[in-house]
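Enquirer: Sharing a structure here in structure tokens format.
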Amino acid sequence: MTATPAPPELRQQALRALMEPDPQQKVLLAQSLWARAATLSIAYQDPPQAPAGLPGCPARPELRSHLDVPKRSPFTPQGLAALLHAVTHIEFNAINLALDAAWRFDGMPPAYYLDWLRVAAEEAQHFSLLREHLQTL
């Protein structure tokens, strides 16, 4: 008799998505995790070991201080694009924060982990909508 493989583990999968540096792939992983949430097992103790370099971020664009960028009015096309670009970065970081909360903490109720997967998927949707709109500007 062949043993059935264990279902994928939620916290390990959340860490995998958190480590992903490509924004589009991170979005797909976050949305896929939420879509499969009911089928994932949850390890309540001993989180996966985090490798160095958390979270996974793209190599570009180079991160800069807000003091190093020109001020723009949001009432100009360039200013609006800059504002939306900043908000898009916030949404990307929100995906990372939600995935981090889902993998990092031991012993939480199942609803805790599922709520954070839902948040990651919602933030991935926000990021995707803003990114698509930015590409039209």
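Read-outs: derived from the displayed coordinates by stated rules, not from any lab. Because the structure is a prediction, the values reported are computed rather than measured. Cβ placement follows ideal geometry from the backbone for every residue including glycine, while neighbour counts extend to all protein chains displayed.
Enquirer: Loop only per DSSP, at most 12 neighbouring Cβ atoms within 10 Å: give me the chymotrypsin sites (Phe, Trp or Tyr not before Pro) in the range 59-129, ordered by residue number.
Expert: Those satisfying the criteria are F75.
Enquirer: Which trypsin sites (Lys or Arg not before Pro) does the range 38-130 hold that lie in a coil by DSSP with at most 12 other beta carbons within 10 Å?
Expert: Counting only loop positions with at most 12 other Cβ atoms within 10 Å, the trypsin sites (Lys or Arg not before Pro) in the range 38-130 are R64, K71.
Enquirer: Taking other Cβ within 10 Å of each residue's Cβ, how do M108, M19 sort, fewest first?
Expert: Arranged by neighbour count, lowest to highest, M108, M19 become M108, M19.
Enquirer: Still on this structure: Can you bin the chain into rounded, prolate or oblate? Criterion: square roots of the alpha carbon gyration tensor eigenvalues sorted a ≥ b ≥ c, rounded for a/c under 1.5, prolate for a/b above b/c, oblate for the rest.
Expert: The shape class here is prolate.
Enquirer: What is the list of residues in the range 64-98 whose amide nitrogen lies under 18 Å from a point 7 angstrom out from the Cα of D115, following Cα to Cβ?
Expert: Zone members listed by number: 94-98.
Enquirer: If the elastic network links every pair of Cα atoms under 10 Å, which of T88, T76, T39 fluctuates the most in the Gaussian network model of the chain?
Expert: Taking springs between Cα atoms under 10 Å, the residue moving most is T76.
Enquirer: Taking R0 as 25 Å, what's the FRET efficiency between F105 and Q24 from their Cβ-Cβ distance, rounded to 0.05?
Expert: The value I calculate is 0.35.
Enquirer: Also, I was wondering about something else. What number, in percent, do you get for the relative contact order of the chain if the mean sequence gap of Cα pairs under 8 Å and at least 6 apart is divided by its residue count?
Expert: 34
Enquirer: In addition: Expected output is a single nm value to one decimal: the length gained when fully extending between A43 and L129, i.e. 0.36 nm times separation in residues minus the C-alpha distance. What is it?
Expert: Here the answer is 27.7 nm.
Enquirer: Can you give the local net charge around W116? Use residues other than it whose beta-carbon is closer than 12 angstrom to its beta-carbon, Lys and Arg +1, Asp and Glu -1.
Expert: Taking every other residue near W116 into account, the sum is -1.
Enquirer: Extension gain A86-A35, at 0.36 nm per residue separation less the Cα-Cα distance, in nm?
Expert: 15.6 nm
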